[in-house]
Each structure stands twice: as structure tokens, then as C-alpha cells.
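> Take this structure first; my questions come after.
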Amino acid sequence: MRLLLVLLCAGLCYGAVDAFELARSIRDTSLDPAACYRVHDVQLNKDDIHLYFTDGYLIFGKAVGDRPTTAVFTVETEGGDAEVLLMPPSRAERRSLVSYASTPNLEEHFKATVLVFGDGTYEQLMKQIKANPFNHASPEMGAALADEWTSVVRNLSASFEARLMLDLLSPNYRQTGCFFATVSGKELGNFDVIYEPLNPEQITVGQVNSRNEHAFFDIWTSFTAAPFRSGVRKPVTPDFSLKDYRIEATLQPDLLLRVTTKVKVTTSRPGERGIPFDISSRMNVTSATIEGERAEVLQPESLRSNLIRNDGNNLFLVVARRTLEPGREYELEFHHEGAVVADAGNQVYYVGPRGTWYPNFAMQFASYDLIFRYPKDLDLVTPGDIVEDKTDGEWRTTRRVTTVPIRLAGFNLGVYERARVSHSGYTVEVCANRSVENALKPSSALPVVVPASPRLSRRPTQVVNPPPPRVPNPLARLQELANEMKSALEFLSARFGPPALKTIEVSPIPGAFGQGFPGLLYLSTYTYLRRGDPAFARFSPGQESFFLDLLQAHELAHQWWGNVVTSAGYHDEWLMEALANHSALLYLENRDGRKALDAALERYRNQLLAKNENNQTAESAGPIIFGQRLESSQTPTSWNSITYGKGSWILHMLRSLMGDERFIRMLAELRNRYEWKTINTEQFRQLAAEFLPPKSPDPKLENFFEQWVYGTGIPNLKLSYSIHGKPPALKLDGTLSQTEVEPEFSAQVPVDIQYTHGKTTTWVRSSSSPVEFTLPLEQAPLKVSLDCSSVLAVHK
């Protein structure tokens, strides 16, 4: 998941010149032997988090600025004890905690904890230490603890350098300061407890793990703290708005990218001098100015906090020399450079950080004026209308300007052949590499030695050179792909309205994935190959179909879902992927028929039911609203299966409940109502409920979302029935049973009654106990069956 450790600053109490000194002090922090205490019954509360230091030693770090920002508690005495208590407020979060810690409520005794904080923790603890006469200073123990723990404290403190520094600079640190504790539990081992009041979910508990040499931060539970849930405290939201990007980028022949980025920034909160930005870890910000005046840039390497954020980016801070005026627009200018482009061989290139190669904050909608200067033998694509394209000596310069606001600007480059198609004033330009990257080139077969025949002495030993392997041709279906993109554009535009930008560039990227940015699509180089190409030999038929039938329409659909309408937070990111994927499935069904749709949904069902080494299904990793949290060391591939597969099923089931006409009208209204806005899952539920047929049994879709969106489970269903009486007064008595799900699981299930001419469908709600139902019939049916093509279930 992307846990946003948002960097905000509410007025500096140090001069800008001191910012680097503060940062250095944080990195070089050490424990203070003189600030070590033997403590009894000291308690530290952070809303729902409760830490009890029953008996042990507590040592603080030396002051950074005007106060300590670190501490260590350890049970270094006979009978010493400490405990952390936390109770997640929702069933989904309790289940998540059970899956990692085998308990719905965290009650863990621990041996030691390292605390890193920018809030009022030091004052809270010292107040209790001084109030209890049994607590006393212990400098002798402090010397031993300082030797043992200083290096650990220093590493953790450095990882939260920027965040701590902002708290040190802020007069409001007691209300907005961060708190981090790494706990050495007696049963659960090492885990982290985080309280971040600037996050939408202030409380997070998790653990650093690795699998197959890949590091994960497994989030055990994450939720909004009690005062924010009840409304007693209002969330502290980021208050910086960005607009009018002007970017000049030069790609050197060695592929180093040097960039000057200008952007206009406004804050409405008084007392601000620090502005946070995200940028790729491959980019180094060398300088910045605010209204032409030099500003300080702090871009620390925050290894642990970046792992918690799980987005591959670095946070950096720009510190102004004087307080920023609320409501005033400031122009910031950055100079940054880095190796964001890699050579994949044969003039095929891979752009790594496709959306974070320049400073951004919260991916806000903004206008872009983009100028790229690059070697003349390359082609470059980026969103926007072409304003200038010229060659001067060995260099080519292209300028593009967007006509509507977009959330991010990507680019791609190569040596391309192009095919262009148009529809109703909109243009799709498909670029294809002239060669394949090294990874797709087949290795040459070794010569075969045919020995001489002992019976036919006249035939000598022969060396047979096999024919050279067929090299995949990335131009094989360039025009065909362009025609497919035009067809998909016509289909999607007819249902959701026109895309945001008049021109959509389609470009290849090495790898087995795609991305749909505003005006720019990245398609896997496999998408450019013909069906049956030897390069597909390692893929299943379903995977081959993904590259050739689904990926291009999916990424095109992101022109609407993700780039016109976007998600409000990580809990809602599933919506954009599910909407894009289901839109692609609708196109596939329109092009190839219902069987193609059913085959894709069946593959998703099988992926969701696939079991791991612990005999757990992929779908059971967690509810779809967990987003990137589903990508953990326990279930590294479940995010993909659940987000795309279950997300598509959720929309398909809504379509079945609404009917096709209502469903398409709902999607069109979604685009109209939330154009250039964010939408959350609850808003989507309310919108979808408006398009249900009259007298629907779940009129607000509350049960539907509780089971399929906020919960987990794929039921195994069994239908039995008997028919009594004579026409036209027949009666069908049926029983619907379900297994393999929690007792509280309940879902609407379609029962099809097939006649000689047509069929009828009735919906029956499943339950933990067998559900009996009776239907009057005028004629004998040919068949009565569950319609598992319309519901995510298994039919016995």
C-alpha cells in the first residue's frame, strides 16, 4: 500500500540556514546516559495505541534542536515488563490483524522498543516520570544502554529525517507531530507501530519482511484514530495546490536526463515555509528557487519510511527563506537530473519512473507545457498538442502543451514506425519499435552433429546447422493494432463521452505490463506481436489473450478511469483499475461475443481460487479496498488477482443486477458527475444504487458492498429442487446451500429457469443455513440451474 507520510510545515522557528544543521543532528543523534531512568507504571497513549512501560529502563536521546526526538525502553530488570494494546475498530481490520498476528486485538508484551517522535512524547513521558517517586535517574545503566542502542536509534531516526525536521520546525508539533515505535515483541517478534496525524489513517501497525529477496512492509492493520472517526478532531489535510507546470528536459546521448521544472504553488495555511514533493529515487534535485530566490532543498534517503510508503519515490522538502503568504501564488523552479531511461538493446528503451521523473505532490490536476531536447535519431512521445518540433544539428526539440488539466505527464522514446487513425476529431498515433529488445531475441540453436552410419560407410559424419530462429517482428501488426485502438476508442467514447485529450500516443515498453497515462499509453512489447509468435511460448493461452485482446483496451480506458475521474485514496484505487478492466471486457464482448467475456471471467475466478503453500486462496488475502496492502510477503501476487479479477467480477455482478442499459447509463453518469474530481468507494456505492431497478431487494447495495467489496469469500453453492402439480399451476420448491465462506456471508444468487422458448431469472439470497424458496410456474421447465456466469461463486 501507499502509506503517505505527508510532509507539512506550519511555520519555521529556525532560519532556513539551520535546516541542514537540523537534518545533520537527526542523522547523528545519540542516546544520553544522563537522561536514563528506572521507571514504573508509565503509560503512553496515542489515541487507540496504548503503550505500558510497567517496569524497566527508559533512556532518551540527546536533544535535537530544543528537545529529544528519540527514546528506548528496555526490560533490563528481573520482573520487568511492558505491553502494547490496540483494538482495530472494524471487522476487516481485525481479520487482517488475525492473518498476521493470530489475534483480532493486539495485546503483546515486549522486551524493548525504540521510539522516534516529533510530537509531545518527551513531555508526556517526563511528566509521568517526575510524578512518581519510585522513578529515578540511572546514569550508570544509561551508559550501557547508550553503547548498545545508539546505532539502532541513529538508523531509525535518519530514516524519518525529513518528517522529524518538519516537526522540529513547527510550533504546532504537539498536534501534528509524528510518532514511530519499533517493538521487540515476546511472541510476534519485531514490528512497527505508527501514529501519523497527517495521514487519513493515523494508526498503522506492520512488520518489515522479505520474500524472494524482495522487501515488504506487511501492514497488519491501518485505520483512522478514534477522535478523527468521531469527529472530535478534524483531519489535517495537505494544503498545497499546484498548477501550470513548465518543464524543459534534455536527454543526453548517454541517456542522462537533465530537467528544469517550474510550477506554481499556493497554500491557504498561514505560517508555512516548507513545501513537500515526491520524486523518483533515480532523480537528484540539485537546486530550487521560490520566486527567483534560492531555497533550501533537503532530499534525504529515507529507507524505512520509503518502504512503508511502498511507492518507489522519495520525499523531499523545499524550505523558503521567509514565510509564505496564504492565498498568494508562488513560482517554484527546480533543477534535477537522473538516469531514468535504460537501454534494453537494439534501440529499445525503458523509461523507469514514468510519472515521477519531475517533482509532484498528490498528483493534482494541472496544465503542462513540455519541452524535450534529445538526440535527433530518436523519437519521443509525450501528452499534449505539438507546438514546435524542429531539428538543429544533432539535436531535436519538441514542445507540447496540454489543453486540459491532467494529473501527470509521462514520456517515452525509441526509434519508431508509426500508424495514425482518427475518430470524430480525436487521433490515436501508434508507435512501434523497429527491433525487439534483447530479452525477446531468441538464442541461436546449436549445430547438430549427425554421426556416420556403421552400415552406410559412404555417409560421413555431418554437422547440420539448424535454420536460424525466427526473430519476433515488432512491426508485425502495427496497422492492425492501430485499427484496434480506433475501434476501442469509438466503443468507449460512445458510452463514456470523449477522452480528455485530442491526441493519444500509444508506445511500446519492454516488460509484461502496460500503463494508461493522460494522452500516453505504454503497451507491453508483446502486444505488438502476432498470435502464435514463438515469444508467447512461455505463456498460457489466457496470458497470450491478455496481451493481444485486453491490454490495449484496458489502458485506453484509463483515459476516462484514472485520468478524468480518479480515486480519492488507496482504499478506492481498485475502482479505477476495475472500471478500466471491465470497460475492456465490455469492448471484448462487443467485438468477439459473450463467450470471450465469460472465458476471461472464468480465468479470473480460477486465479482468485488458486491456493498458496498455506492452502489459502488468493482472494482470501483481504478485501479489495486494502489496495496495495494486498501485496505482502504472505501474498505477493494477490493484489493483481483481487484488483483486476475480483474488481471486474464486482462490476460484472452490478451489471447483472442493473441490466445492461442501466449499467451503461451508470458509467456515463459516473464520468459526468465526477469529471476532474475524486471518487471514493462509498460514493460509488451510492451512485450505483441510483441505477438499480425498482423494488430491488438490496436497494442501497449495502449488503452487496459489505460482502464483495469490504469482505472476502467466494461461496460454493448447491441447488436442489423439485416440481409439483400440473400446468398451469406448477410449483417449484428449491433449496440453496452455501459453504466455504464465513457464516455471516450472504449474497444475491441468480437462479435460471429455462423453458422451450426463453428463460426467466429469479434472485435468491444465500445464507449460512440452507435457504428454501418456492416459485409458481405456468409450464414445466427444461432446466433449473444457478447462473454462475453472473455471480462470483462455485457451483457444486
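> Where the accessible area of the chain is counted over protein heavy atoms with a 1.4 Å probe, how much of it, in %, is carbon and sulfur?
On the way: 16280 of 33200 Å².
Heavy-atom surface of the chain belonging to carbon and sulfur, 1.4 Å probe: 49 percent.
> Counting residues in region 560-621 as N, plug N into 2.2 N^0.38 Å and put the Cα Rg over that result.
With N residues counted in region 560-621, Rg over 2.2 N^0.38 Å equals 1.38.
> At 0.890 mPa s and 25 °C, plugging the Kirkwood radius over alpha-carbon pairs of the chain into Stokes-Einstein gives what diffusion coefficient in µm²/s?
The diffusion coefficient I find is 83 µm²/s.
> If you don't mind, another one. Starting with the highest mean, order 722-731, 574-583 by the number of other Cβ atoms within 10 Å, averaged over the residues of each peptide. Write out the running numbers ahead of the final one.
Values: 722-731: 11.0, 574-583: 25.1.
Result, highest mean first: 574-583, 722-731.
> Name the residue farthest towards the positive end of the dipole of the chain from the options 250, 436, 755, assuming +1 on Cβ of Lys and Arg, -1 on Cβ of Asp and Glu, about the Cα centre.
The Cα lying farthest towards the positive end belongs to 755.
> Right, another one. Between region 681-721 and region 327-396, how many Å separate their Cα centres?
The two parts, judged by their Cα centres, are 44 Å apart.
> To continue, here is another question. Extending each Cα 7 Å along its Cβ direction at residue 255 and residue 773, get the distance between those two points in nm, one decimal.
About 5.8 nm, to one decimal.
> Quick one: of the DSSP bridges fully inside the chain, what percent are antiparallel, nearest 5?
90
> Grab the other residues whose beta carbon is less than 15 angstrom from that of residue 702, score K and R as +1, D and E as -1, and report the net. Please list the in-between numbers first.
Numbers: positive: 91, 685, 700, 765; negative: 682, 690, 698, 706, 744.
Local charge sum for residue 702: -1.
> Under 19 Å between alpha carbons, and skipping anything fewer than 8 positions from residue 718 in its own chain: which lysines qualify?
In chain and number order, the partners are 783, 796.
> For region 401-442 and region 492-514, what is the separation of their C-alpha centers, rounded to whole Å?
Result: 9 Å between the Cα centres.
> While we're looking at this one, here's another question. Mind ranking 150-162, 106-118, 201-213 by how tightly packed they are, going by the mean number of other C-beta atoms within 10 angstrom, highest first?
106-118, 150-162, 201-213
> Nearest 5 is fine: what % of DSSP beta bridges in region 704-796 come out antiparallel, could you say?
95
> Is any residue of region 577-603 close enough, with backbone N under 18 Å, to a label point placed 7 angstrom from the Cα of residue 531 along the Cα-Cβ axis, and if so, which?
Output list for this probe position: 585-603.
> Any aspartates and glutamates with Cα under 14 Å of the residue 130 Cα? List them, leaving off those in the same chain fewer than 8 positions away.
Qualifying aspartates and glutamates at Cα under 14 Å: 41.
> Let me ask something else about it. Between their Cα atoms, which of 595/695; 731/759; 595/646; 486/677; 700/759; 46/127 are more than 21 Å away from each other?
Checking Cα-Cα distances, 595/695; 486/677; 700/759 exceed 21 Å.
> Per residue, how large is the accessible surface of region 604-754? Use a 1.4 angstrom probe and give square angstrom.
Counting only protein heavy atoms, the per-residue value for region 604-754 is 42 Å².
> Give the Debye-formula value of log10 I(q)/I(0) at each listed q (0.13, 0.22 Å⁻¹), with one equal scatterer per alpha carbon of region 17-116, two decimals each.
Here the Debye-derived log intensity ratios amount to -0.61, -1.06.
> What does the extension gain come out to for residue 754 and residue 335, with contour length at 0.36 nm per residue minus their alpha carbon separation? Walk me through the numbers on the way to the answer.
Working: separation 419, 0.36 × 419 = 150.84 nm, distance 6.85 nm.
Computed gain between residue 754 and residue 335 is 144.0 nm.
> Stretch residue 702-residue 718 to full length: gain in nm at 0.36 nm per residue minus the Cα-Cα span?
So the extension gain works out to 3.3 nm.
> If you take the square roots of the eigenvalues of the alpha-carbon gyration tensor of region 540-686 and sort them as a ≥ b ≥ c, do you get rounded (a/c under 1.5), prolate (a/b over b/c) or oblate?
Judged from the Cα gyration tensor, region 540-686 comes out oblate (a/c at least 1.5, b/c at or above a/b).
> Say R0 is 30 Å: what FRET efficiency, to the nearest 0.05, do residue 286 and residue 21 get from their beta-carbon distance?
It comes to 0.90.
> If you don't mind, another one. Full extension from residue 136 to residue 602: what is 0.36 nm times the residue separation minus their Cα-Cα distance, to one decimal in nm?
161.1 nm
> Put a dot 7 Å past each Cα toward the Cβ at residue 293 and residue 515; how far apart are the dots in nm?
Here the answer is 3.6 nm between the modelled labels.
> Let's test the formula: R0 of 51 Å, r as the Cβ-Cβ distance of residue 616 and residue 686. What FRET efficiency results, to the nearest 0.05?
The calculated FRET efficiency here is 0.95.
> While we're on this one: Counting only the backbone N, which residues of region 265-299 are under 13 Å from the spot 7 Å out from the Cα of residue 378 toward its beta-carbon?
Within reach of a label on residue 378, which here means backbone N under 13 Å from a point 7 Å along Cα→Cβ, region 265-299 contributes nothing.
> While we're here: When you count, for each residue, the other Cβ atoms within 10 Å and take the mean per peptide, how do 500-513, 649-662 rank with the highest first?
Highest mean packing first, the order is 500-513, 649-662.
> FRET efficiency for residue 363 and residue 391, Cβ-Cβ distance as r, R0 = 45 Å, nearest 0.05?
FRET efficiency, residue 363 to residue 391: 0.85.
> If you don't mind, there's one more thing I want to ask. Rg to Rh ratio, region 196-305, alpha-carbon atoms and Kirkwood radius?
Taking Rg over the Kirkwood Rh, I get 1.05.
> Further question on the same structure: Please report, to one decimal in angstroms, the Kirkwood hydrodynamic radius of region 47-94 built from all distinct Cα-Cα pairs. Provide the component values of the computation, followed by the final result.
Numbers: mean 1/r = 0.0760 Å⁻¹.
Every distinct Cα pair counted, the radius reaches 13.2 Å.
The values are calculated or read from the model by the stated rules, or taken from the named source; none is laboratory data. Note that the structure is predicted; figures quoted are calculated from it, not measured. Here Cβ is always computed from backbone atoms with ideal geometry, including for glycine, and neighbour counts include all displayed protein chains. Surface areas here come from the heavy atoms of the whole protein model, side chains and all, with no ligands, DNA or RNA. Shrake-Rupley method; radii C 1.70, N 1.55, O 1.52, S 1.80 Å.
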